[in-house]
Structure formats: structure tokens, C-alpha cells
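Enquirer: Take this structure first; my questions come after.
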Amino acid sequence: MIRLDGVTKQYESGAVAVDHLTLDVPEGEICVLVGPSGCGKTTTLRMVNRLIEPTSGRIFIDGDDVTHVDPVQLRRRIGYVIQHVGLFPHQTVGDNIATVPKLLGWDRGRVSARVAELLDLVGLDAQYRDRYPHQLSGGQRQRVGVARALGADPPVLLMDEPFGAIDPITRDRLQQEFLRLQGEVNKTVVFVTHDVEEAVKLGDRIAILAQGGHLAQYDTPAQVLGHPASDFVADFVGSDRGLKRLEVTAVSAEGLAVPPVLAATASVGEARARIDGTRPAIAVVIDDAGRLSGFIGTSGSNGYPTTDPVGDHLEVAPDPAVAGDTTLKDALSSLLLADAGWVPVTDDTGRYLGVLTPDAVHQATRQSL
Ligand SMILES: Nc1ncnc2c1ncn2[C@@H]1O[C@H](COP(=O)(O)OP(=O)(O)OP(=O)(O)O)[C@@H](O)[C@H]1O
Ligand SMILES: [Mg+2]
């Protein structure tokens, strides 16, 4: 959807802010540009909508070479949220949001309906429509900034540190809201931040830039954290990258422990024999729908008469993790809280797949993806 092809920006001062940058952003994805201050993030973003003219190279949007098209036309296809929001202070929230639709000459009814729709989309009450930016909190201004950028429903959205100046708690909420919003509007987004946590949380892909706009690595968060391409990237993402990676890696059906499965009618004696030497030391019972009914462990089975059916003595398993959905971080957290030392894993329909053990978490974090 967006393609930078060998794009370079050299300012009049001679400073090369961006040097032969090539980057492809697939449709509907969030690409996060991250890197230290002054590495050329803002410059890169502003070349996409031609607020800054590249010195050389070409830029494509949806297959069109836009390097030389009329920048004003171009910007109508691209929403832009600038560093520090930058609302027009003497215009109401409603007028700010209406900026692009008005430029496009929409009639008043259509503009008004669109403003109402966008306020709702970004989670602001209709009463804010007639307020001025200085009458809003930082987080609210931020939402207005996003609503304004989405004004004419552009396919591409550029966001420059939109959550930069906001306290951590509000920021976390805005990030969640942004992901929810993106789920609805499905834009192609280029998002600038210098915060690795934010990049990992929001990005489908992360582009790590070094000074001079050099692309140090461009990959999924899990890859960047798991396999940093250079010492620079490893340093930049931090020594806790192993932990950060848990947040972006889902529990997988592979590598799970598969304890013996017994019929509910099997005897405690049989359970004991089957469990002997297995890790974790449990056997499970699964119902006709493939769901976990419960488990029996050595501690339990040892006390019961060997002839009793295990179905009479089942223990309730810890809450399950869902393969492909639950992150390793959340799974590890439940694992640490569960007395059992394992958590069951199901598919997204609730069918039991196996159990996650600390070993499996360890393996999963080391696996090349
Ligand atoms: N108008 C300009 N004239 C000359 N140099 C500039 C100009 N604008 C930016 N630069 C330089 O280009 C480099 C990249 O700047 P840019 O604003 O793209 O960095 P950034 O990665 O967005 O940084 P930050 O994280 O601080 O926002 C910097 O060294 C900056 O000093
Ligand atoms: Mg910047």
C-alpha cells in the first residue's frame, strides 16, 4: 500500500536525515517507525505526504507513484496526526474534525453527520463537539486529532508520536482504543514512536531506524525481539527483550505436554499406572465434545481406592490458555499462579489440546519463528 523506494532526504544544511530508505507497508497493517531522537522518523513520515520533498528516490501509494503528484490532492488520501496533536486552537472540536471533509466540499449535512460519526468512533461524547481544544484534556485532544485525521476516511494514516505527551495510564488506554479503532477502520498506518514498548504493542511490523534514517531492521515484533539483526537493534530494544517477546508471542499448539487421557470410567489404579513417570504427573479426562472434564494427579489418586472410577475424583483444571490467542506472557502469569505448575491449552472452540508447562514456555521463546 505504501512503498518507499530508495528515498533520501538531504536538508539544505547538508544534513542527511534519511539515506536510501526502502520500505514496504502492506495494506491494512500498522508499521511502526522507531528509533532514537533525530534518526529521521518525522522526516520519513512527512515525505510520505510530501510535507517534505524527498531529495531522491520514489514513493508509491497503492501502486501510484506519488513522488510528483499535486501534494494537496495527495494529502486528501492520507490522514495525518502530528507530533503534539496540533489542533487548530481557535476552532471547535467539531470544526477541527470537519477540516478535510470541508476542504473536499462536502455539503453541511454530510459534514455534520461525519463529525458525529467520528466523535463516536474515537469514544468522545457529542457534548465535546462545541468545545475548544484548550477545554479538553491531553487524551481527549489526542482523540480529536485522530478523528480529524480520519475525516474523509483516507486509506492511509500517518501518526507521529501521537501518544508521546500523555501519562502512562491514559496512554495505555489510548493504545488499546487505537487497536480497537484500527480493527474497525483497517487503515494502512505508519506510526512513529521512540518507545519500544509502544512499537511492540501496536506494530504489525516494526522498522528500526538508526541515525541517518538507516533501516536497521524491518520485521514483526516477535522477530525483532527474538532475532535482533545487529547489536544496535539488540541495544535499542533492551536487555529485557526476552520478556517483551512473551507479550507478542501466542501460545502454540506445538510443544505442549500431552498427559495420558483416560475414560471417566477408568480406575484409579489404572490412572496411577499411566501417570507413573510422566511430567506433569497427571492424567486427564476429556468429554465427548473434546473438552477437558478435569484431571487426576498422583497426590489425589494415591489416597483413593484403586477400583474407584477416576470420574468420581476429578480435580478442576486451571483456566485454559487459548492457542493462537493467549500470549505467552499471560500464560506464564497463569502458570506462576496455578498451584499445578501447568495450564491446559484449548483451541479457539474450547477443545483441549494439551498442557503448557514451564519447559514449553522456555522452548517457545527460543524457537525461531
Ligand atoms: N528543516 C531541517 N533542516 C535541517 N535539518 C533538519 C530539518 N529538520 C530535521 N532536520 C534534521 O534531520 C534529522 C532527522 O530529524 P527528524 O525530525 O526526522 O528526527 P526524528 O527521528 O523525528 O526525531 P524525534 O524523535 O526527536 O522526533 C535530525 O538530525 C534533524 O536535526
Ligand atoms: Mg520526530
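The values are calculated or read from the model by the stated rules, or taken from the named source; none is laboratory data. No experiment lies behind these values; they were computed from the predicted model shown. Here the Cβ is made from the backbone with ideal geometry for all residues, glycine too, and neighbour counts use every protein chain on show.
Enquirer: Test of understanding: among D330, D312, which residue is more than 30 Å from P228 (Cα to Cα), free of Cβ contacts under 8 Å to residues at least 24 places away in the same chain and assigned to a helix (DSSP H, G or I)?
Expert: D312
Enquirer: Which one of T44, T92, T99, T8 is within 16 Å of ligand 2 (Cβ to nearest atom), β-branched (V, I, T) and surrounded by 14 or more Cβ atoms within 10 Å (Cβ to Cβ)?
Expert: Values: T92 fails: within 16 Å of ligand 2 (Cβ to nearest atom); T99 fails: within 16 Å of ligand 2 (Cβ to nearest atom); T8 fails: within 16 Å of ligand 2 (Cβ to nearest atom).
None of the others qualify; the one that does is T44.
Enquirer: Moving on to the next point. Which residues, counting only those in the range 238-260, are surrounded by 14 or more Cβ atoms within 10 Å (Cβ to Cβ) and either modelled with pLDDT of 90 or more or of a type in the set (S, T, N, Q) (or both)?
Expert: Selection gives T249, V251, S252, L256, A257, P259, P260.
Enquirer: Also: Looking only at the range 40-62, filter to residues that are touching a Gly at 6+ places or on another chain (Cβ under 8 Å) and outside any strand (DSSP E or B); which one of those is farthest from ligand 1 (Cβ to nearest atom)?
Expert: Restricting to residues being touching a Gly at 6+ places or on another chain (Cβ under 8 Å) and outside any strand (DSSP E or B), the top hit is T44.
Enquirer: Do any residues in the range 161-187 that are of a type in the set (V, I, T) have Cβ atoms under 9 Å from those of residues that are within 16 Å of ligand 1 (Cβ to nearest atom), where the two are at least six apart or on different chains, and which pairs are they?
Expert: Going by the 9 Å Cβ cut-off, the qualifying pairs are T170/F163.
Enquirer: While we're on this one: Do you know which residues across the range 300-324 are more than 15 Å from V355 (Cα to Cα), in contact with an Asp or Glu (Cβ under 9 Å, 6 or more places away or on another chain) and at pLDDT 90 or above?
Expert: If the condition is that a residue be more than 15 Å from V355 (Cα to Cα), in contact with an Asp or Glu (Cβ under 9 Å, 6 or more places away or on another chain) and at pLDDT 90 or above, then V310 is the only one that fits.
Enquirer: Of the conditions (1) hydroxyl-bearing (S, T, Y); (2) exposed (fewer than 13 other Cβ atoms within 10 Å of the Cβ); (3) over 30 Å from T193 (Cα atoms), T278 clears all except one; give me its number.
Expert: For T278, the exception is condition (2).
Enquirer: So how many residues does the range 162-191 have that are under 14 Å from the mean Cα position of the chain (by Cα) and either within 16 Å of ligand 2 (Cβ to nearest atom) or closer than 18 Å to T43 by Cα (or both)?
Expert: Residues meeting the conditions: 3.
Enquirer: Let me ask another. Please tell me if S334 is at pLDDT below 85, within 18 Å of P259 (Cβ to Cβ) and either over 28 Å from the mean Cα position of the chain (by Cα) or surrounded by 13 or more Cβ atoms within 10 Å (Cβ to Cβ) (or both).
Expert: no
Enquirer: May I pose another question? Return yes when Q142 is more than 16 Å from ligand 1 (Cβ to nearest atom), without any contact (Cβ under 8 Å) to a residue 40 or more places away in the chain, under 30 Å from A207 (Cβ atoms) and polar (S, T, N, Q) and no when it is not.
Expert: So Q142 does not fit the description; no.
Enquirer: Moving on. Kindly state which helices (runs of 4 or more DSSP H) lie completely within the range 91-150 and contain at least 3 residues that are within 26 Å of T170 (Cα to Cα).
Expert: Those helices (runs of 4 or more DSSP H) span 93-97, 108-121, 138-149.
Enquirer: Looking at the range 47-89 only, could you name the residues that are surrounded by fewer than 18 Cβ atoms within 10 Å (Cβ to Cβ) and within 16 Å of ligand 2 (Cβ to nearest atom)?
Expert: Listed by number, the residues that qualify are L51, I52, Q83, H84, G86.
Enquirer: Given the criterion closer than 29 Å to A234 by Cα and in contact with a Ser or Thr (Cβ under 8 Å, 6 or more places away or on another chain), identify the matching residue among V32, V48.
Expert: Of the residues listed, the single one that is closer than 29 Å to A234 by Cα and in contact with a Ser or Thr (Cβ under 8 Å, 6 or more places away or on another chain) is V32.
Enquirer: Now for a separate question. Within the range 149-161, can one find any residue that is buried (at least 20 other Cβ atoms within 10 Å of the Cβ), under 28 Å from the mean Cα position of the chain (by Cα) and at positive phi?
Expert: Yes; the residues of the range 149-161 include at least one that is buried (at least 20 other Cβ atoms within 10 Å of the Cβ), under 28 Å from the mean Cα position of the chain (by Cα) and at positive phi.
Enquirer: Just to verify a result, which residue in the range 15-39, among those that are under 18 Å from E161 (Cβ atoms) and out of contact with any strand residue (DSSP E or B) (no Cβ under 6 Å at 6 or more places or on another chain), is farthest from ligand 1 (Cβ to nearest atom)?
Expert: P36
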